[in-house]
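Inspection log for the structure reproduced underneath, given as structure tokens.
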Amino acid sequence: MIKLDELIGDIIFVSFSNHERFKDIGINESTGHFLFRGYDQLGLWLEHPGIVIIHAEDDSGTPLPVDKHSRENIAANFVVTWDNVNTIMHYPDREGFDFPSEFKKMKLGFSFENEDGKQNK
């Protein structure tokens, strides 16, 4: 058995019961691969695959020529409520999908140096 805590930071496959709920945020497919950020009582928190704002006007509101437009990438997370999750799939040990746990990277505990300069843990 795998626990959701072990998947945080990994890419997971999610199938939605009703993908129409996400049309306002630009997600139009009933399934997808997403970076899993966490979960709570509401549902799964996933990283949005990409929000881009195109700035097509100057500060005074005058339209800019196309070659002067600028793009701004926005980092965002969104929630998939539990009732909207059909299935979740994880790929253990698949390169590019299964990332090391942040908890496994952390070195917990204390260390100190002896008078002779050697480190104790």
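The values are calculated or read from the model by the stated rules, or taken from the named source; none is laboratory data. Just so we're clear, the structure is a prediction, and the values are computed from it rather than from any experiment. For neighbour counting, all protein chains shown are included, and Cβ atoms are generated from backbone atoms with ideal geometry for every residue, glycine included.
Of the numbered conditions (1) assigned to a strand (DSSP E or B); (2) modelled with pLDDT under 95; (3) surrounded by 15 or more Cβ atoms within 10 Å (Cβ to Cβ), Ile54 satisfies every one except a single condition; which is it?
Result: Ile54 passes all but (3).
Can you go through Asp5, Asp40 and tell me which one is closer than 21 Å to Tyr91 by Cβ and exposed (fewer than 14 other Cβ atoms within 10 Å of the Cβ)?
Values: Asp40 fails: closer than 21 Å to Tyr91 by Cβ.
It is Asp5.
I need a count of the residues in region 6-37 that are over 16 Å from Pro49 (Cα atoms) and free of Cβ contacts under 8 Å to residues at least 60 places away in the same chain.
1
Report, by residue number, each residue of region 46-73 that is touching a residue at least 24 places away in the same chain (Cβ under 8 Å) and of a type in the set (Val, Ile, Thr).
Across region 46-73, the qualifying residue is only Ile51.
Out of the residues in region 57-89 meeting the condition of being of a type in the set (Asp, Glu) and part of a strand (DSSP E or B), tell me which one is modelled with the lowest pLDDT. Walk me through it before giving the result.
Kept after step one, since they are of a type in the set (Asp, Glu), are these residues of region 57-89: 57-59, 67, 72, 83.
Cutting the leftovers down to part of a strand (DSSP E or B) gives us 57, 72.
Working: Glu57: 92, Glu72: 89.
Among those residues, the one meeting the criterion is Glu72.
Sort out which residues of region 33-51 are part of a strand (DSSP E or B) and out of contact with any Asp or Glu (no Cβ under 7 Å at 6 or more places or on another chain), and write them in order of number.
We begin by selecting, within region 33-51, every residue part of a strand (DSSP E or B); these are 33-39, 43-47, 51.
Result: His33, Gly38, Tyr39, Gly43, Leu44, Trp45, Leu46, Glu47, Ile51.
What number of residues within region 8-32 satisfy the criterion of being assigned to a strand (DSSP E or B) and surrounded by fewer than 14 Cβ atoms within 10 Å (Cβ to Cβ)? Working first, answer last.
As a first pass, look at region 8-32 and keep what is assigned to a strand (DSSP E or B): 11-16, 31-32.
Next, only the ones that are surrounded by fewer than 14 Cβ atoms within 10 Å (Cβ to Cβ) stay: 31.
The qualifying residues number 1.
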